[in-house]
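The values are calculated or read from the model by the stated rules, or taken from the named source; none is laboratory data. Nothing here was measured: the structure is a model prediction, and the numbers come from that model. A quick note on method: Cβ atoms are made from the backbone with ideal geometry, for glycine too, and the neighbour counts reach across all protein chains shown. Keep in mind that these areas ignore ligands, DNA and RNA; they rest on the heavy atoms of the full protein, side chains included. Shrake-Rupley method; radii C 1.70, N 1.55, O 1.52, S 1.80 Å.
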Amino acid sequence: FGLNTGIFYEYCWAKSNNNYDEYGSYDLSYKEHGLYMPLHLKFTMNFSKWFQLSVYGGAGLNYVLSGKAYLDADGDSYDWNVFKEEDNWKKFNTMLEYGASLRINAVQFDFTMSKGLTNWSEDSDYKIKVGRPMSVSATICF
């Protein structure tokens, strides 16, 4: 048993398929830079010093450093900072997380699922909770 924590830099992106509506076609994409700190209780099964399996659960804390959206509509391109003061988006997110990891020698693969707990919108009528259906990461452990 143990506690899994640390501070990680994250770069996330998303891109939509080509969309069509009554105004024409457009592509939408999003890029984000942030800091992530997991606070996970972890149970590890040591099969040998070179192979371990683990399960874990707990909280994930995210702080967005910057987030930009990009819109390409019929040849015109637009970009904007998602976290401008007038947009009323929050930069801090708390998530409930659980997952499993596989460690072979010094390389560890984590498979994490999470559910957002924080409403990112400051408008109480408009709820946005950000989670991750599945996150995969690779870590060098020493």
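Is region 53-67 home to any residue that is of a type outside the set (Gly, Ala, Ser), under 16 Å from the mean Cα position of the chain (by Cα) and closer than 18 Å to ALA100 by Cβ? No - not one qualifying residue is present in region 53-67. When SER124 is tested against the conditions (1) part of a loop (DSSP other than H, G, I, E, B); (2) small (Gly, Ala, Ser); (3) open to solvent by less than 60 Å² (accessible area, probe 1.4 Å), the lone failure is (3). Answer yes or no as to whether PHE142 is under 16 Å from the mean Cα position of the chain (by Cα), within 30 Å of LEU3 (Cα to Cα) and either part of a loop (DSSP other than H, G, I, E, B) or without any contact (Cβ under 8 Å) to a residue 60 or more places away in the chain (or both). Considered against the rule, which asks whether it is under 16 Å from the mean Cα position of the chain (by Cα), within 30 Å of LEU3 (Cα to Cα) and either part of a loop (DSSP other than H, G, I, E, B) or without any contact (Cβ under 8 Å) to a residue 60 or more places away in the chain (or both), PHE142 comes out as no.
Cβ separations smaller than 9 Å between residues 6+ apart or across chains give no pair from region 1-21 residues that are farther than 20 Å from VAL64 by Cβ and among the basic types (Lys, Arg) to residues that are open to solvent by less than 100 Å² (accessible area, probe 1.4 Å) and modelled with pLDDT of 90 or more.
Residues considered: MET134, MET95. Of these, the only one that is of a type in the set (A, V, I, L, M, F, W, C) and surrounded by fewer than 16 Cβ atoms within 10 Å (Cβ to Cβ) is MET134.
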